[in-house]
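Notes follow the structure.
The values are calculated or read from the model by the stated rules, or taken from the named source; none is laboratory data. These figures come from a predicted structure and were not determined experimentally. Because the Cβ atoms are built from the backbone with ideal geometry, glycine has one as well, and the counts that use them run over all protein chains shown. Ligands, DNA and RNA are excluded from the accessible area calculation, which covers all protein heavy atoms including side chains. Shrake-Rupley method; radii C 1.70, N 1.55, O 1.52, S 1.80 Å.
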Amino acid sequence: MKGITFDEALELVESLPEEQRETLVEIIKRRLIEERKNKLVRSIKKAREELASGKIRKGNLEDLMRELSK
């Protein structure tokens, strides 16, 4: 499939009837939300794995300052 430019995509979207454009906007919004959710899930999973393996530790600011002063 040949790629299209951003401007070509906009022109194509603008050529659609209003109802289809509104539907497209809603689909894109849902997909963006899903992408962000999946990214957050991967980030949380990685953080939990690092915590379990000892690469990172829990703590508050006082714990950090105490560790840095050692």
>> Could you tell me which residue out of V25, S15, A52 lies farthest along the dipole of the chain toward its positive end? Charges go on the beta carbon: Lys and Arg +1, Asp and Glu -1, centred on the Cα centre.
In response: A52
> Between E8 and M65, what is the spin-label point distance in nm, taking each point 7 Å from the Cα along the Cα→C-beta axis?
Replying inline: 5.9 nm
>> Let me check I've understood the local charge: for L64, count other residues with C-beta under 15 angstrom from its C-beta, Lys and Arg +1, Asp and Glu -1. What total comes out?
In response: +1
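What does the charge dipole of the chain about its Cα centre add up to, to the nearest 20 debye, if the Cβ of each Lys and Arg holds +1 and the Cβ of each Asp and Glu holds -1? Display every interim value, and only then the final one.
Values: 17 positive and 15 negative charges, 193 e Å.
With Lys and Arg at +1 and Asp and Glu at -1, about 920 debye.
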> From the phi of every residue in region 35-45, what ³J(HN,Hα) in whole Hz does the Karplus formula 6.51 cos²θ - 1.76 cosθ + 1.60 yield, where θ is phi - 60° and glycine or proline is x?
Replying inline: 4, 5, 4, 5, 5, 5, 4, 4, 5, 5, 4
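Taking 0.36 nm per residue of sequence separation and subtracting the Cα-Cα distance, how much length would be gained by fully extending the chain between E22 and K45, in nm to one decimal? Spell out each step's value before the answer.
On the way: separation 23, 0.36 × 23 = 8.28 nm, distance 3.48 nm.
Gain on stretching E22 to K45: 4.8 nm.
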> Got a sec to turn the phi values of region 14-30 into Karplus ³J(HN,Hα) couplings, 6.51 cos²θ - 1.76 cosθ + 1.60 with θ = phi - 60°, whole Hz, x for Gly and Pro?
Replying inline: 5, 7, 6, x, 3, 4, 5, 4, 5, 5, 4, 4, 5, 4, 5, 4, 4
> Looking at the square roots a ≥ b ≥ c of the eigenvalues of the Cα gyration tensor of the chain, which shape do they give, rounded for a/c under 1.5, prolate if a/b is larger than b/c, or oblate?
Replying inline: prolate
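Send over a whole-number figure in Å² for the accessible area per residue of the chain, probe 1.4 Å. Present the calculation step by step, with values, prior to reporting the outcome.
Values: 7120 Å² over 70 residues.
That works out to 102 Å² for each residue.
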